[in-house]
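Here the structure comes first, spelled out in structure tokens, and everything after it is commentary.
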Amino acid sequence: MKKVLGIFGLLVFVCVVTAILNPRFVNAYNVQNTIRWTALYGIISLGASFVIISGGIDLSIGSVVGLVGTLLAALLTKQGTSVPVALGCVMLVSLLIGLGHGLLITKLRLQPFVVTLCGLLLYRGLARYFTNDQTLGFGEEFEGLRYLATGRPFSLPIPLMDHPIEVPMPCLIMAALAIAAGIFLNHTIYGRYLLALGRNEQAARYSGINTDRMVIVAYIICSALAGLGGVLFSLDVNSIQPSGLGEFYELYAIAAAVLGGCSLRGGEGSILGVVIGTAVMRVLYNAINILGISTQLEFAIIGVVILGGVIVDELIKRVVARRRAARKDE
């Protein structure tokens, strides 16, 4: 909880400083746009958090986003597939990708880094091959489907703002997923299994936990949420470039999870922290644009965030270890 409060304090600090330096930051349009992008990135970050908590890593998230978004557009606009069938097909692809990652890691004992790095290259190449590297779009069609990404079901009046904020549909989707993820992780036996797996896989196995199954579940959840993110991102941008959609999104997802309190060692993480961590990443990006700072610093900031998260995690581990040693000596 201390980590969550710390990252929330950072979010408030960045928002206040940016609003003081440029009042346009609290413009209703800018706020709702930031919320929408936070929700979209938050969905894939939730998936990344499950893998990180289990002690793994997934570098293929962005390529899964690109592949699923490209396939959805191709099925709907090129093949004339019905919306339910197209959605079912792309989500099935996502689930199979996660299952494949899990099986390769657990049955062949391959390193998660290697498996998902190969996936990053493979899925991006397939997306470009299936579409002949041509840009796709939904045009003015499929308005009902695009409502999932662009819809604004209701408005909220906010004091000190010029207009009410229209709450974007992805925000509601992310909120529902975050609640479900929080319940799964903190209030079910399988969530405790996942945390135990991340803390010490060998101990978890000796205690009777089917560790292979939990690893597979973590990667399936991650790929499924990446696939859902791919659907929403493609519907939102409405102009899908197979070589660009989802590029480097895995960095945002991992950075948000680490910033939100997920330890890269595994066994530790907070769903609320991941959501707030995602908000910090998007607010920082928005602040860069609002304040006129070069957007080329975006990836530098992501790198600093990940490095800072790892350093803080290591320092906290050492402090905790020293306190435990001191208590034992007493």
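Scanning segment 98-119 for residues that are farther than 16 Å from Asp212 by Cα and surrounded by 19 or more Cβ atoms within 10 Å (Cβ to Cβ) yields Thr116, Gly119. Criterion first (in a helix (DSSP H, G or I), of a type outside the set (A, V, I, L, M, F, W, C) and touching a helix residue (DSSP H, G or I) at 6+ places or on another chain (Cβ under 6 Å)) does Gly69 satisfy it? Answer is yes for this residue. Of the helices (runs of 4 or more DSSP H) lying entirely inside segment 219-330, those carrying at least 3 residues that are closer than 30 Å to Asn132 by Cβ, modelled with pLDDT of 90 or more and of a type outside the set (Lys, Arg) are 249-259. Checked against (1) assigned to a helix (DSSP H, G or I); (2) touching a Gly at 6+ places or on another chain (Cβ under 6 Å), Thr116 passes all but condition (2). Among residues that are open to solvent by 10 Å² or more (accessible area, probe 1.4 Å) and farther than 14 Å from Tyr123 by Cβ, Leu232 is not included.
The single residue among Ala180, Ala149, Ala127 that is among the small types (Gly, Ala, Ser), open to solvent by 40 Å² or more (accessible area, probe 1.4 Å) and modelled with pLDDT of 90 or more turns out to be Ala180.
The single condition among (1) among the hydroxyl-bearing types (Ser, Thr, Tyr); (2) touching a helix residue (DSSP H, G or I) at 6+ places or on another chain (Cβ under 6 Å); (3) in a helix (DSSP H, G or I) that Tyr29 does not satisfy is (2). Checking Thr81, Thr70 one by one, the residue that is in contact with a Pro (Cβ under 7 Å, 6 or more places away or on another chain) and polar (S, T, N, Q) is Thr70 and no other.
Restricting attention to segment 197-215, and to residues there that are outside any helix (DSSP H, G or I) and free of Cβ contacts under 8 Å to residues at least 60 places away in the same chain, which single residue is surrounded by the most Cβ atoms within 10 Å (Cβ to Cβ)? Here the answer is Ile209. Residue count for segment 130-146, restricted to those that are among the small types (Gly, Ala, Ser) and exposed (fewer than 12 other Cβ atoms within 10 Å of the Cβ): 2.
Taking every residue in segment 168-196 that is farther than 13 Å from Ser270 by Cβ and pairing it with any residue that is outside any helix (DSSP H, G or I) and not hydroxyl-bearing (Ser, Thr, Tyr), at least 6 positions away or on another chain, the pairs with Cβ-Cβ distances below 6 Å are Pro168/Arg152; Met169/Gly151; Tyr193/Ile209.
The values are calculated or read from the model by the stated rules, or taken from the named source; none is laboratory data. It should be emphasised that the depicted structure is a prediction, and the values quoted were computed from it without experimental measurement. Glycine gets a Cβ as well: all are built from the backbone with ideal geometry, and neighbour counts include every protein chain shown. Accessible surface areas use protein heavy atoms only, side chains included; no ligands, DNA or RNA. Shrake-Rupley method; radii C 1.70, N 1.55, O 1.52, S 1.80 Å.
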